[in-house]
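The structure appears right after this line, and notes come after that.
The values are calculated or read from the model by the stated rules, or taken from the named source; none is laboratory data. Bear in mind that the values here come from a model prediction, so they are computed numbers and not experimental data. Methodologically, a virtual Cβ is constructed for each residue, glycine included, from the backbone with ideal geometry; neighbour enumeration extends over all protein chains shown. Surface areas here come from the heavy atoms of the whole protein model, side chains and all, with no ligands, DNA or RNA. Shrake-Rupley method; radii C 1.70, N 1.55, O 1.52, S 1.80 Å.
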Amino acid sequence: MTEHFKARTGRMARRGGFAAAALMAMTMLTPASSVAQDEQETITGVMHSGLRVLDPIITTAHITRNHGYMIYDVLLAQDEDFQPHPQMADWEVSDDNLVYTFTLRDGLKFHDGEPVTAEDVVASLERWGEVDSGGQQIFDVTDSLEATDEKTVTWTLSEPFPPMLQVLSKQSARPAFIMPKRVAETPSDTSIDEYVGSGPFVFNEDEFDPGQKVVYDKFEDYVPRDEEANWMAGGKEVNVDRVEWVSMSDMMTSVNALAEGEIDYIEQVEVDLLPILDANENVTVERRDPLGYQTIGRMNFKHPPFDNQKIRQAALLALSQEDVLGTMIGNPDYYELCGSVFGCGTPLEDETGAESLLEGGDPEAAQALLDEAGYDGTPIVLMQPTDVASLDDQPVVAAQAFREAGFEVDMQPMDWQSVVSRRASMDPPDEGGWNIFFTNWQLPEVADPLINPMLNSRGDSAWFGWPDDEHMEDLRSQYVDAKTEDERKEIASEIQAYALETVNYIPLGQYFMPQARRNNVVDMIPSPVPVFWNIDKE
Amino acid sequence: MLGYIIRRILAVIPVMLIVAIFVFLMLRLSPGDPAAILAGDSATAAQIEKIRTELGLNDPLHIQFITWMGQLLQGDLGTSLISKTGVVDMIANRINPTINLALMTIIISVLLAVPMGVAAAWRHRTWVDYLVMSFSVLGFSIPVFVIGYIFMAIFALGLGWFPVQGYRAPTEDFFGFLLRAILPSLTLATIYVALIARMTRASMLEVLGEDYIRTARAKGVKENSVLFRHALRNAAVPIMTIIGIGFALLIGGVVVTESVFNIPGIGRLTVDAILARDYPVIQAIILLTAGIYVLINLLIDLSYTLLDPRIRY
């Protein structure tokens with residue numbers, strides 16, 4: 001404590017200014033920190049969740065993926081038509097479709113100043129390929145993956161893998177981010193502890209407060225591509241000095257802060273609160289993501305009663321998308337009925353088999369099927385997360401619909417993290433397992449049979465619910481082997497029909513989370529991933 | 001006195017040990033799995049299992065406990081399972097806003113509540129008393145978040161006097177700190193003003209009926225002096241207890257206010273850590289909170305000797 005400070009606080013205390021002295025004393029409790037950032041062009045945004053996990057390969061959490069796009073770059077990236085384009089590298093494919101040669105473009109540098117080399121790319125792809133389902137399939141048919149010189153990566157396959165470029169360029173659920181070799185050598189089940197990328201922003205480690213605040217500074221040495229930005233593809237031109245993601249646990253506070261100009265951007269606004277922002281002339285509310293989210297119900301194939309296809313069909317017949325989405329979102333501007341497991345607005349959209357879902361459900365038919373299947377009244381354990389606004393309504397609506405159709409329902413409220421843990425349990429429902437839960441996906445995560453996690457039907461190694469279905473796996477293999485776009489679409493339609501016939505999962509339609517921004521924040525790319533390149537602050 | 005302080009500090013050790021065992025077991029026995037949270041939505045059961053093993057969560061419970069205690073004895077609170085950040089750093093970042101908010105709340109509460117309680121006792125069964133008591137009931141009854149929103153609507157959105165949310169460190173920008181801390185402190189203070197005013201009134205009423213007060217008045221001592229020198233000083237022990245407990249409660253109980261006003265404090269860190277099942281962080285926060293409780297109780301006990309010379313340890 002300085003002498004000056006002691007003298008001042010002492011004088012104040014003597015004068016009876018106890019409060020003032022105490023307030024001054026408080027100043028001692030906080031270390032001096034960052035310099036004011038006023039002179040820098042900063043965008044402050046409230047994102048859908050706080051960032052806690054910094055390794056975009058170990059987790060598929062959206063916020064970590066978004067963080068990945070800030071600081072890392074990818075070899076290839078998709079445009080709004082899901083078509084792959086060069087991002088860090090151009091590619092050539094041999095005539096027999098077995099050898100892919102990727103050439104890194106000039107000027108690529110990591111944030112520590114080192115150039116990006118082919119060896120970094122190989123190490124990153126190997127780590128990604130250990131955990132990503134699409135990556136695993138590529139590595140299943142890989143003969144060799146090597147850095148043939150500083151800038152060239154040669155990937156040799158033992159048999160053709162037509163969706164190779166699609167998988168390598170996928171934009172969600174674990175994109176193949178490129179890291180320095182020393183970081184990428186971290187085992188894939190261990191989180192990385194160095195956050196150096198070659199992307200358009202640098203992670204500001206000093207100011208990182210997990211779950212609360214993350215700061216990104218513009219990477220001055222980043223060289224964007226010349227093409228215009230289009231979703232994840234094209235030039236990543238950064239026009240601001242600094243981006244701050246702050247987390248606010250109270251949506252009402254975020255909305256008020258945006259209205260008052262204390263922040264610039266909210267990634268997702270609850271539809272209920274839109275009237276407050278609609279009335280504010282300084283704020284624009286819009287759909288950024290043209291495709292939105294698919295909300296789904298997933299049953300457990302391992303245990304009765306949903307091990308029985310007829311009972312699964314009864315559950316599907318009992319549900320109405322309009323009831324679910326109407327309760328969940330309310331405002332029809334922000335939801336859309338859609339019976340396709342690949343989502344609507346995507347290249348593989350097809351709604352075969354979803355008629356009852358789209359037409360308000362059919363409880364009588366559901367009841368008849370239950371009788372036919374000999375349902376014995378065993379209660380179905382339905383997990384209801386109560387702490388996530390986008391997940392707490394589906395279970396309530398579904399439970400009522402199931403009861404009307406003749407199911408006994410045991411709805412168990414819990415926090416989302418309990419759902420996440422419990423759904424991994426293969427035990428019977430009365431011993432800590434479950435029968436059904438609901439979740440949401442961004443459309444690019446379900447848009448094709450290879451990526452869609454639910455369609456994987458390899459029993460115990462499939463996604464939670466563990467369907468064991470050889471025919472579905474056969475159809476997925478056919479999709480992988482299909483040579484033309486038409487052929488792929490035809491097989492996808494078969495998968496759609498078969499998925500709804502076997503009730504692999506129940507697609508409950510699409511919804512959109514509007515974003516809100518101050519009017520002076522412009523040129524944001526309308527993509528499923530909120531990105532901060534291209535964007536400008538006037 | 002020194003012997004007493006040393007004995008009290010030594011008594012902290014078994015208390016903290018019991019808290020540590022209890023917290024450790026409660027967390028391990030409650031549902032939830034940090035590995036599943038870390039892995040994200042599309043991870044398969046096999047991937048989650050690998051991460052569990054890597055994090056050491058598949059080790060037998062006693063091994064996990066011994067490892068943690070070993071670290072703790074070396075002053076190492078561990079690393080967050082989720083963000084890989086040091087727990088000490090995480091808490092250090094978040095403790096200042098909470099302590100500053102709690103201090104400011106207590107200062108406002110004491111400055112408002114003690115005179116209110118004294119006035120209510122002095123003008124017992126008059127409109128002053130009824131007004132103070134009505135406020136007290138109201139202060140207790142309205143949930144903190146409602147008060148927060150009302151203050152925000154009036155003073156931030158309506159009149160524009162204060163920012164809606166946020167926090168500034170007082171060292172960085174003292175005026176900015178005050179501007180942002182006033183609404184959350186007032187919000188939190190409402191319930192404490194109610195509590196302390198009630199306690200002051202009750203305690204003062206008891207003292208004002210004593211013979212020495214009558215004697216003081218009979219001697220012609222000024223009413224101000226009777227109230228604040230003779231009565232309040234003797235009524236101070238229970239009031240001090242309430243203030244001390246209030247401060248301790250504030251450290252752990254500011255979650256809602258921190259959420260409403262977006263203050264990056266320890267309350268929100270606790271909730272986040274619990275929702276993410278981040279065991280090392282939860283364990284550290286609970287140990288820290290328990291330590292603060294014990295320390296504040298000791299300080300309250302010691303303050304009695306200053307307030308009442310008859311009390312000696």
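From the list A:Pro444, A:Pro467, A:Pro449, which residue is more than 14 Å from every other protein chain (Cβ to nearest Cβ) and buried (at least 21 other Cβ atoms within 10 Å of the Cβ)?
It is A:Pro449.
Identify, please: which residue in the stretch B:246-294 is more than 16 Å from B:Ala181 (Cα to Cα) and of a type in the set (S, T, N, Q) and is, among those, nearest to the other protein chains (Cβ to nearest Cβ)?
B:Thr270
May I ask you to say which residue of B:Ile296, B:Ile300, B:Ile292, B:Ile311 is of a type outside the set (D, E, K, R), open to solvent by less than 50 Å² (accessible area, probe 1.4 Å) and either part of a loop (DSSP other than H, G, I, E, B) or in the same structural domain as B:Ile18 (by TED's automatic domain parsing) (or both)?
Selected residue: B:Ile311, the only one of B:Ile296, B:Ile300, B:Ile292, B:Ile311 that is of a type outside the set (D, E, K, R), open to solvent by less than 50 Å² (accessible area, probe 1.4 Å) and either part of a loop (DSSP other than H, G, I, E, B) or in the same structural domain as B:Ile18 (by TED's automatic domain parsing) (or both).
Taking only the stretch A:303-335 into account, find how many residues are assigned to a loop (DSSP other than H, G, I, E, B) and over 27 Å from the mean Cα position of the chain (by Cα).
6
Which residue out of A:Ala147, A:Ala173 is assigned to a loop (DSSP other than H, G, I, E, B) and aliphatic (A, V, I, L, M)?
Going through A:Ala147, A:Ala173 in turn, the sole match is A:Ala173.
Of everything in the stretch A:421-441, what is open to solvent by 10 Å² or more (accessible area, probe 1.4 Å) and not polar (S, T, N, Q)? Give them in sequence order.
Passing the criteria: A:Arg422, A:Ala424, A:Met426, A:Asp427, A:Pro428, A:Pro429, A:Asp430, A:Glu431, A:Gly432.
Taking A:Asp250 as the residue in question, decide whether it is without any contact (Cβ under 8 Å) to a residue 24 or more places away in the chain, more than 14 Å from every other protein chain (Cβ to nearest Cβ) and among the acidic types (Asp, Glu).
So A:Asp250 fails the test.
Scan the stretch B:59-73 for residues that are farther than 15 Å from B:Met16 by Cβ and open to solvent by 60 Å² or more (accessible area, probe 1.4 Å) and jot them down.
Once the filter is applied, which keeps residues that are farther than 15 Å from B:Met16 by Cβ and open to solvent by 60 Å² or more (accessible area, probe 1.4 Å), the stretch B:59-73 yields B:Asp59, B:Pro60, B:Leu61, B:His62, B:Ile63, B:Ile66, B:Thr67.
Counting residues that are closer than 19 Å to B:Ala276 by Cα, polar (S, T, N, Q) and not assigned by TED's automatic domain parsing to the domain that holds B:Ala273, which helices (runs of 4 or more DSSP H) fully inside the stretch B:12-103 reach at least 2?
B:45-55
Has the stretch A:529-538 got at least one residue that is surrounded by fewer than 20 Cβ atoms within 10 Å (Cβ to Cβ), in a strand (DSSP E or B), in contact (Cβ under 8 Å) with a residue 24 or more places away in the chain and basic (Lys, Arg)?
Within the stretch A:529-538, one or more residues are surrounded by fewer than 20 Cβ atoms within 10 Å (Cβ to Cβ), in a strand (DSSP E or B), in contact (Cβ under 8 Å) with a residue 24 or more places away in the chain and basic (Lys, Arg).
Restricting to the stretch B:124-169, and then to whatever is of a type in the set (Ser, Thr, Tyr) and part of a helix (DSSP H, G or I), can you tell me which residue is nearest to the other protein chains (Cβ to nearest Cβ)?
Top of the filtered list is B:Tyr149.
Listed residues A:Glu119, A:Glu130, A:Glu159; which is in a helix (DSSP H, G or I) and either touching an Asp or Glu at 6+ places or on another chain (Cβ under 6 Å) or over 28 Å from A:Pro528 (Cβ atoms) (or both)?
A:Glu119
Which pairs turn up if I take residues in the stretch A:455-475 that are more than 20 Å from A:Glu494 (Cβ to Cβ) and look for partners that are polar (S, T, N, Q) with beta carbon separation below 6 Å, at least 6 apart in sequence or on another chain?
A:Trp463/A:Asn456; A:Gly465/A:Asn300
Yes/no matrix, rows are residues, columns are (1) of a type in the set (Lys, Arg); (2) surrounded by fewer than 19 Cβ atoms within 10 Å (Cβ to Cβ):
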site: A:Val121; (1), (2): no, no
site: A:Glu130; (1), (2): no, yes
site: A:Asp140; (1), (2): no, yes
site: A:Lys170; (1), (2): yes, no
site: A:Pro180; (1), (2): no, no
site: A:Ala184; (1), (2): no, no
site: A:Pro200; (1), (2): no, no
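Considering each residue of the stretch A:355-371, count those that are open to solvent by 60 Å² or more (accessible area, probe 1.4 Å) and touching a helix residue (DSSP H, G or I) at 6+ places or on another chain (Cβ under 6 Å), and give that number.
1
Is it the case that the stretch A:405-422 has a residue that's within 11 Å of chain B (Cβ to nearest Cβ) and small (Gly, Ala, Ser)?
yes
Does B:Ala121 satisfy the condition of being surrounded by 14 or more Cβ atoms within 10 Å (Cβ to Cβ), more than 11 Å from chain A (Cβ to nearest Cβ) and more than 30 Å from B:Ile48 (Cβ to Cβ)?
Taking the combined requirement at face value, the residue satisfies it.
In the stretch B:178-210, how many are of a type in the set (Val, Ile, Thr), over 21 Å from B:Ala231 (Cβ atoms) and away from every other protein chain (no Cβ under 13 Å)?
The qualifying residues number 2.
Residues that are over 17 Å from A:Gln212 (Cβ atoms) and open to solvent by less than 60 Å² (accessible area, probe 1.4 Å), at least 3 per element: which helices (runs of 4 or more DSSP H) completely within the stretch B:174-280 meet that?
Hits in the stretch B:174-280: B:174-208, B:232-252.
Go through the stretch B:34-69 and count every residue that is more than 14 Å from B:Ser80 (Cα to Cα), in contact (Cβ under 8 Å) with a residue 24 or more places away in the chain and not hydrophobic (A, V, I, L, M, F, W, C).
Going through the stretch B:34-69 one residue at a time, the tally reaches 1.
Any chance you could count how many residues in the stretch A:275-288 are in a helix (DSSP H, G or I) and either surrounded by fewer than 17 Cβ atoms within 10 Å (Cβ to Cβ) or within 23 Å of the chain's Cα centre (by Cα) (or both)?
Number of matching residues: 2.
Here are the criteria: (1) free of Cβ contacts under 8 Å to residues at least 24 places away in the same chain; (2) buried (at least 22 other Cβ atoms within 10 Å of the Cβ); (3) acidic (Asp, Glu). Tell me which single one A:Asp90 does not satisfy.
Unmet for A:Asp90, out of (1) free of Cβ contacts under 8 Å to residues at least 24 places away in the same chain; (2) buried (at least 22 other Cβ atoms within 10 Å of the Cβ); (3) acidic (Asp, Glu): (2).
Out of all the residues in the stretch A:68-78, is one or more out of contact with any helix residue (DSSP H, G or I) (no Cβ under 8 Å at 6 or more places or on another chain), buried (at least 22 other Cβ atoms within 10 Å of the Cβ) and within 14 Å of another protein chain (Cβ to nearest Cβ)?
Yes, that holds for at least one residue.
Take the stretch B:15-51 and flag every residue that is among the basic types (Lys, Arg) and more than 9 Å from chain A (Cβ to nearest Cβ).
Hit for the stretch B:15-51 is B:Arg28, nothing else.
Within the stretch A:231-246, does at least one residue satisfy the condition of being among the aliphatic types (A, V, I, L, M) and within 14 Å of chain B (Cβ to nearest Cβ)?
Yes, because at least one residue in the stretch A:231-246 is among the aliphatic types (A, V, I, L, M) and within 14 Å of chain B (Cβ to nearest Cβ).
Can you name every residue in the stretch A:70-101 that is charged (D, E, K, R), touching a strand residue (DSSP E or B) at 6+ places or on another chain (Cβ under 8 Å) and part of a loop (DSSP other than H, G, I, E, B)?
A:Asp79, A:Glu80
Please give the number of the condition A:Arg403 fails out of (1) crowded, with 18+ Cβ neighbours inside 10 Å; (2) out of contact with any helix residue (DSSP H, G or I) (no Cβ under 6 Å at 6 or more places or on another chain).
Unmet for A:Arg403, out of (1) crowded, with 18+ Cβ neighbours inside 10 Å; (2) out of contact with any helix residue (DSSP H, G or I) (no Cβ under 6 Å at 6 or more places or on another chain): (1).
What do you reckon, is A:Thr352 over 19 Å from the mean Cα position of the chain (by Cα), open to solvent by 50 Å² or more (accessible area, probe 1.4 Å) and of a type in the set (Ser, Thr, Tyr)?
yes
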